[in-house]
Amino acid sequence: MLELVLILGDQLSPVLPALRDAEPSRTRILMAEVAGEVSYAPHHAKKLAFIFSAMRHRAQSLSDQGFAVDYITLDDPNNSGTLSGELERALNRHGQTALRITEPGEWRVKAEIETWARASEADLTWIEDDRFLCSKAHFRRWAQGRKSLRMEHFYRIMRRRHSLLMEADEPAGGRWNFDPENREPLPPPLARSPIPKPMQFRPDVETQAVIDLVRHSCPDAFGDLDPFWFAVTPAQARRAFSHFLRKSLPLFGDHQDAMASGEDFIYHAVISIYLNAGLLDPLACCRAAEDAWRDGSAPLNAVEGFIRQILGWREFIRGIYWLAMPDYAGSNALEADLPLPDFYWSGETGMRCVAETVAGIRRNAYAHHIQRLMVTGNFALLAGLEPKAVCDWYLGVFADAYEWVELPNTLGMALHGDGGLFASKPYAASGRYIHRMSDYCQGCRYDSADATGETACPFNYLYWDFIARHRQRFEKHPRMAMIYRNLSRQKPERVQRMRELAAKARADLDAL
Ligand code: FAD
Ligand code: DLZ
Ligand code: SF4
């Protein structure tokens, strides 16, 4: 063998940069399930089963193509427990060969492998991960010298560069962004048709073996392992995506920000799990969505909204991560320091919006964007939870979470912990927002219209306490001036009462 290629758990794309020139006659593949990657975040049991099953299916397909694959299972008694340990063992088994690895998505993984390679004088070549639509270098050049980094500006360039939803040099429909049309709450259950569910797959023998492994080897993993229904191969993921295009995309736009009890997915694609592991290709998904608009099967506001998430937000967030790491991870601009309440794990709280969201995460290792941002994220922001604890939680509980995408979304977008590197102001909202966009408040122990009484909604008084606590930082912010005028207009006794309620709540969040 002339070369060894390590394939990581989120590098399962049928066309992977490090494999582009690979030949079965001279390339050996290494894939390893290791305890170090299982334990660096509190991973959901479904996420572990998904990654290992998708890795095993990928190993089988490479083997079918004639490649020699060293596949190290989690329960292999000789497993060293780390990626670098497995690289070391592989080189000992096969002798010193050239090593090629597609650049990892996480800074931590790259640093670990680089440190090992230096110490053991391995002949390592990193291959740029070009499965994204904007390279790190391109993003860096775009960001250089800009006063502010705004997704919207970046997105327009990406639309032009990839000729998506363009008519000559103009955006299709005459506008770049249809977001204002994407904020409809859902009609009540009796006034709406049933919402389609994402396509679900019955575990095959390989997946069942992995489920048994996770049950045995990771008995304390968070969340429900059963029923396991994720796609684990590119072919299955493509079927799940086609199902979304047919069933949910037409209404994705209107109800993108809506939330409802008992509805875990609401017209969302539920494909980040597959995109991030490499089972789906982002550009192919955008082109297929554009085709749906051009053939009249989905409206423009839905298709533009969907493409913006992938071509705009996903690429922008990755660019921010690599631009700002490694210092980024330690930021805590708002000096938030409260520990994560237990209800982030158990879902046991009287706040129905939080309880419903966490219950969905326990079931599916998934919540849609507005639940992540405006329920669990917003609560963490308002209460002042310590960013590191919140980020670790997000990194573990979602099946689509890898640090490159989780960290800027959580630390930057939800918590404003980076001081506003790319979000112009904090996404702070009172219970009124949740009341408008969901039915959670009906039947909640708290009253979304009240901010000072015995049953006042915690989001209300925590919101005003947050605004008052951070007056110095945000008062001069042009987009927050009205909020501060509103705060000043409220009676001092009312503000005082809200701040007392907030102090009491922050002293014992699990009592909420
Ligand atoms: P849809 O709503 O159907 O959107 C389609 C696709 O657009 C998604 O699959 C995703 O690939 C992409 N997308 C949409 N929004 C974003 C975004 N803000 N950043 C990056 N990609 C986006 N997404 C992750 O993939 N992994 C994470 O760990 C993650 N953590 C998040 C943490 C917080 C606090 C917040 C607010 C958002 C986070 N997101 C994360 C972004 C977003 O919530 C998820 O991508 C989305 O909910 C996935 O569900 P979906 O596939 O049904 O998405
Ligand atoms: C998330 C994860 C887990 C749980 N396990 C493994 C593993 O055993 N082997 C592996 O190669 N990758 C795993 N991953 C993904 C990595 O931790 C990491 O998040 C990505 O490779 C970063 O790009
Ligand atoms: Fe959430 Fe407040 Fe509504 Fe209850 S009343 S569901 S706590 S926003």
Roughly how far apart, in whole Å, are the Cα centres of region 343-373 and region 299-336?
22
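Tell me, 435, 138 in order of fewest to most beta-carbon neighbours within 10 Å? Let's see the in-between values first.
Values: 435 21, 138 16.
The order, fewest Cβ neighbours first, is 138, 435.
Give me the percent relative contact order of the chain, please, defined on Cα pairs under 8 angstrom at least 6 residues apart. Display every interim value, and only then the final one.
Numbers: 798 pairs, mean separation 84.5, N = 512.
Over the chain, the number comes to 17 percent.
Test of understanding: what is the full-extension gain from residue 425 to residue 20, defined as 0.36 nm times their sequence separation minus their Cα-Cα distance?
Length gained, residue 425 through residue 20: 141.5 nm.
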Cα-based Kirkwood hydrodynamic radius, region 136-330, one decimal, Å:
18.9
Note on region 13-128: alpha-carbon gyration tensor, axes a ≥ b ≥ c; rule is a/c under 1.5 for rounded, else prolate if a/b larger than b/c, else oblate; result rounded
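Would you mind calculating the gained length between residue 125 and residue 473 on full extension (0.36 nm times residue separation, minus the Cα-Cα distance), in nm to one decimal? Can you show the working numbers first?
Details: separation 348, 0.36 × 348 = 125.28 nm, distance 4.52 nm.
The residue 125-residue 473 span can extend by a further 120.8 nm.
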For the residues 457, 218, what sequence is obtained by ranking on other C-beta atoms within 10 Å, fewest first?
218, 457
Using alpha carbons only, how many angstrom separate the centre of region 485-508 from the centre of region 1-56?
51
Fewest first, what order do 244, 265, 139 take by the number of other Cβ atoms within 10 Å?
265, 139, 244
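For the chain, what is the convex hull (Cα atoms) projected area averaged across all directions, in square nanometres? Display every interim value, and only then the final one.
Working: hull surface 100.1 nm².
Over every viewing direction, the Cα hull of the chain projects on average to 25.0 nm².
Can you check how the C-alpha radius of gyration of region 258-363 compares to 2.2 N^0.38 Å, as a plain ratio?
Details: Rg = 18.1 Å, N = 106, 2.2 N^0.38 = 12.9 Å.
Taking N as the residue count of region 258-363, the ratio is 1.40.
Work through the residues other than residue 73 whose Cβ is under 9 Å from its Cβ and net out their charges, Lys, Arg +1 and Asp, Glu -1.
On the way: positive: 56; negative: 33, 75, 76.
Net of charged neighbours comes to -2.
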Give the share of C-alpha pairs in each 5 angstrom bin for region 246-310, from 0 to the last occupied bin, in whole percents, shortest bins first.
4, 18, 28, 25, 17, 8, 1
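At a Förster distance of 41 Å, what's the computed FRET efficiency of residue 452 paired with residue 148, Cβ-Cβ distance as r, to 0.05?
Numbers: r = 37 Å, r/R0 = 0.90.
In this case the efficiency is close to 0.65.
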Once the Cα gyration tensor of region 343-511 is diagonalised, what are the square roots of 5 times its eigenvalues, in whole Å and ordered largest first, as equivalent ellipsoid semi-axes?
25, 20, 13
Roughly what % of DSSP beta bridges within the chain run antiparallel, to the nearest 5?
15
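Using 0.36 nm times the number of residues separating residue 284 and residue 338, minus their current alpha carbon distance, what extension gain do you get?
On the way: separation 54, 0.36 × 54 = 19.44 nm, distance 4.25 nm.
Contour length minus the Cα-Cα distance gives 15.2 nm.
Cβ neighbours within 10 Å, averaged per peptide: list 45-52, 57-64 in order, most packed at the top. Before the final figure, lay out the partial values.
Values: 45-52: 26.5, 57-64: 17.9.
My ranking of the peptides, most packed first, is 45-52, 57-64.
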Given 110/136; 46/388; 197/425; 110/147; 46/136, the pairs whose alpha carbons are separated by over 25 Å
197/425; 110/147; 46/136
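Per residue of the chain, what 222 nm ellipticity follows from adding -39500 (n - 2.57) for every DSSP H run with n ≥ 4, rounded to the nearest 500?
My calculation for the chain gives -12500 deg cm²/dmol from helical runs alone.
Loop only per DSSP, at most 16 neighbouring Cβ atoms within 10 Å: give me the GluC sites (Glu not before Pro) in region 61-153, ordered by residue number. Kindly include the intermediate steps, with their values, before the conclusion.
Working: sites: 86, 88, 106, 112, 114, 121, 128, 152; in loops: 106, 121, 128.
Sites meeting the loop and neighbour criteria: 121, 128.
Laboratory data are not the source of any read-out in this text; all were calculated from the coordinates shown. Fair warning: this is a prediction, and the values are worked out from it, not measured in the lab. Here Cβ is always computed from backbone atoms with ideal geometry, including for glycine, and neighbour counts include all displayed protein chains.
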